[in-house]
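Below is one structure, written out as structure tokens, with a few remarks after it.
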Amino acid sequence: MDFISILSIFVLACFVGYYVVWSVTPALHTPLMAVTNAISSVIIVGALVASAAAGVPGAKWLGLAAVVLASVNIFGGFAVTERMLAMYKKKDKAPSRKEGK
Amino acid sequence: MEVHAVNPWVALAYLIAGVCFILALRGLSSPATSRKGNRYGMVGMAIAVVTTLATHDIASLPEILAAIAIGAVIGLTTARKIQMTQMPQLVAAFHSLVGLAAVLVGVAAYLNPDAFGILEPGGLDILKGSRIEMGLGVAIGAITFSGSVIAFAKLNGTMSGAPILLPARHAINLAALAAILVLVSLFHWDTPALFWAIVALSFAIGFLLIIPIGGADMPVVVSMLNSYSGWAAAAMGFTLHNTAMIITGALVGSSGAILSYIMCRAMNRSFFSVIAGGFGADAGAGGAGGTAREQRPWKRGSAEDAAFLMKEAENVIVIPGYGMAVAQAQHALREMTDLLKEHGVNVKFAIHPVAGRMPGHMNVLLAEASVPYDDVFELEDINSEFAQADVAFIIGANDVVNPSAKTEKSSPIYGMPVFDVEKAKTIFFIKRSMGGQGYAGVDNEVFYMDQTMMLLADAKKMVEEINKALTD
């Protein structure tokens with residue numbers, strides 16, 4: 001891909017990000033940070049490329065170290081987000097004595 | 001290698017991964033769809049990882065799988081064990097990992113450019129453009145890493161939350177940032193020394209940028225580092241020509257930037273004044289100045305007073321702040337609201353955008369304590385209701401209920417949107433002592449109002465006593 005197509009994707013994705021993130025409810029801003037954190041670990045793609053390649057041992061080990069770091073983030077980030085989101089509950093229909101007074 | 005002559009199916013797979021990430025964020029528009037969104041995120045990540053592994057000649061599959069497994073074990077155990085009050089530290093720690101991973105990938109790409117397909121055709125030199133992208137990625141990654149480490153230490157209490165002010169820090173920081181930009185733009189000359197200078201300088205600047213920023217400004221810092229970790233991923237995406245990384249980087253980058261903006265707006269401060277740091281530096285000195293402060297009359301309330309008045313109330317609004325998190329009072333607080341509801345009281349929670357140490361911090365804590373999210377309201381949605389409220393119950397918050405933000409032009413928090421608690425008939429203010437003055441170091445008029453009763457105690461203990469009085 002040439003630079004301009006990549007740049008186009010990038011710029012358009014910034015706009016998508018802008019509108020999508022403004023629509024996130026403030027109550028979920030902490031899960032938002034946790035999940036963005038998990039997905040930014042897509043950098044693992046670069047780490048995998050580095051560790052898959054033969055030839056330069058230094059690059060391979062750095063790549064493997066990056067794979068570990070990114071995996072911590074991916075698994076930890078998604079799991080902690082899942083855990084948080086599971087806690088958000090709607091009001092249950094249990095009748096409270098609203099008309100009590 | 002194959003990265004440039006992209007197989008259309010491979011490019012498509014990365015694009016799908018990118019779209020999954022968009023859907024992951026989109027799901028967060030409401031708690032009802034949020035978990036589905038998170039699943040999309042996982043699917044997207046799986047697609048990206050599998051595609052990468054399937055389309056490269058892998059010389060070391062067992063090692064890679066072992067690396068993933070190690071990361072998974074560490075990540076999953078951390079995610080399971082972490083307490084909700086520690087979420088800000090955890091997020092800061094996670095950001096530092098993204099930053100460090102970006103640096104490692106950048107260095108690996110520099111050492112083995114052939115694997116990343118960024119060599120000039122037929123040559124042994126790295127493409128000029130790729131070098132600059134790589135330099136940027138590594139620089140942002142390193143800043144994210146060292147900045148997040150400091151943010152983590154401050155949030156975790158490993159390091160004092162007070163701002164550390166170096167003399168001439170603005171000059172040093174600006175010079176260092178300028179130097180990084182110059183070095184990155186010079187990096188089209190392939191000189192290894194330049195590359196390592198960028199790495200070293202960026203680590204240093206991340207450190208220097210965050211140390212002058214005080215603890216309560218951390219919501220902005222954490223959001224900002226979130227944004228940086230995105231830009232780092234995007235820059236590496238440019239190097240690798242990888243759509244998934246670019247889309248994700250842009251999403252995360254904008255997400256963090258928007259959160260920083262929301263936080264700054266909620267404090268009525270400019271982003272630059274937060275980044276410049278030093279705010280709240282006088283808070284420590286404020287304690288000493290406190291003795292000079294005139295002694296004004298205030299009323300002390302008891303748990304029984306609070307229980308009695310709230311039981312008889314029709315509308316109660318609870319305003320939690322960082323103090324609630326520190327005291328771990330959220331469960332006791334939920335019990336209190338349940339008891340009040342049994343008495344037919346209408347209880348609502350009011351959350352200020354900067355309450356706590358990260359965006360949405362209070363919401364998560366209340367959700368953890370099983371407070372239904374439709375009882376929890378944002379500042380602008382509930383502020384008009386204080387006039388009808390019988391009781392405003394302030395627990396661990398201070399600056400966000402300080403009316404001087406509305407009236408006193410000289411106040412450091414002037415212009416910050418605050419809750420109109422003074423309109424409530426009665427105010428209960430839980431606070432550890434009359435000494436502390438909140439983060440901004442400003443005296444709070446609410447303490448001395450006629451309708452205010454101060455409940456001086458640890459927040460959790462006080463709420464537990466109120467609960468006891470409510471059940472009697």
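The values are calculated or read from the model by the stated rules, or taken from the named source; none is laboratory data. A quick note: this is a predicted structure, and the numbers were derived from the prediction, not measured. Glycine also receives a Cβ, built like all others from the backbone with ideal geometry; neighbour counts cover every protein chain displayed.
Key figures for this structure:
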| quantity | calculated |
| --- | --- |
| Verdict on residue B:153 being assigned to a helix (DSSP H, G or I), out of contact with any Lys or Arg (no Cβ under 8 Å at 6 or more places or on another chain) and surrounded by fewer than 19 Cβ atoms within 10 Å (Cβ to Cβ) | yes |
| Residue under evaluation residue B:119, criteria (1) at the interface with chain A (Cβ under 9 Å from one of its Cβ atoms); (2) surrounded by 15 or more Cβ atoms within 10 Å (Cβ to Cβ); (3) under 30 Å from residue B:191 (Cα atoms); (4) not aromatic (Phe, Trp, Tyr), criterion not met | (1) |
| Selected residue [in the same structural domain as residue B:134 (by TED's automatic domain parsing), surrounded by 21 or more Cβ atoms within 10 Å (Cβ to Cβ) and either of a type in the set (Phe, Trp, Tyr) or touching a His at 6+ places or on another chain (Cβ under 8 Å) (or both)] from B:229, B:223, B:202 | B:229 |
| Within the range B:110-150, tally of residues that are of a type in the set (D, E, K, R) and assigned to a loop (DSSP other than H, G, I, E, B) | 2 |
| Lone qualifier among B:126, B:140, B:132 - being surrounded by 24 or more Cβ atoms within 10 Å (Cβ to Cβ), farther than 18 Å from residue A:35 by Cα, assigned by TED's automatic domain parsing to the domain that holds residue B:183 and among the hydrophobic types (A, V, I, L, M, F, W, C) | B:140 |
| Residues that are of a type in the set (D, E, K, R) and in contact with a Leu (Cβ under 8 Å, 6 or more places away or on another chain), drawn from the range B:387-410 | B:390 |
| Failed item, numbered, when residue B:356 is tested on (1) of a type in the set (Gly, Ala, Ser); (2) farther than 21 Å from residue B:432 by Cβ; (3) not in a helix (DSSP H, G or I) | (2) |
| Options B:66, B:59, B:72; residue that is surrounded by fewer than 18 Cβ atoms within 10 Å (Cβ to Cβ), over 22 Å from the mean Cα position of the chain (by Cα) and closer than 19 Å to residue A:36 by Cα | B:72 |
| Qualifying positions in the range B:313-353 - in contact with an Asp or Glu (Cβ under 9 Å, 6 or more places away or on another chain), more than 9 Å from every other protein chain (Cβ to nearest Cβ), among the β-branched types (Val, Ile, Thr) and not in a strand (DSSP E or B) | B:337 |
| Within the range A:1-48, considering residues that are in a loop (DSSP other than H, G, I, E, B) and farther than 19 Å from residue A:78 by Cβ, the one farthest from the chain's Cα centre (by Cα) | A:2 |
| Scope the range B:210-257; condition within 17 Å of residue A:22 (Cα to Cα) and of a type in the set (Phe, Trp, Tyr); matching residues | none |
| Residue within the range B:240-259 that is more than 7 Å from chain A (Cβ to nearest Cβ), without any contact (Cβ under 8 Å) to a residue 12 or more places away in the chain and not basic (Lys, Arg) present | no |
| Residue within the range B:205-220 that is surrounded by 16 or more Cβ atoms within 10 Å (Cβ to Cβ), of a type in the set (A, V, I, L, M), closer than 30 Å to residue B:266 by Cβ and within 14 Å of chain A (Cβ to nearest Cβ) present | yes |
| Residues satisfying the stated conditions in the range B:359-400, i.e. in a loop (DSSP other than H, G, I, E, B) and within 20 Å of the chain's Cα centre (by Cα) | B:359, B:360, B:396, B:397, B:398 |
| Any pair with Cβ under 6 angstrom, 6 or more apart, that starts in the range B:453-472 at a residue that is touching a residue at least 60 places away in the same chain (Cβ under 8 Å) and ends at one that is aromatic (Phe, Trp, Tyr) and buried (at least 21 other Cβ atoms within 10 Å of the Cβ) | B:453/B:428; B:454/B:429; B:455/B:428 |
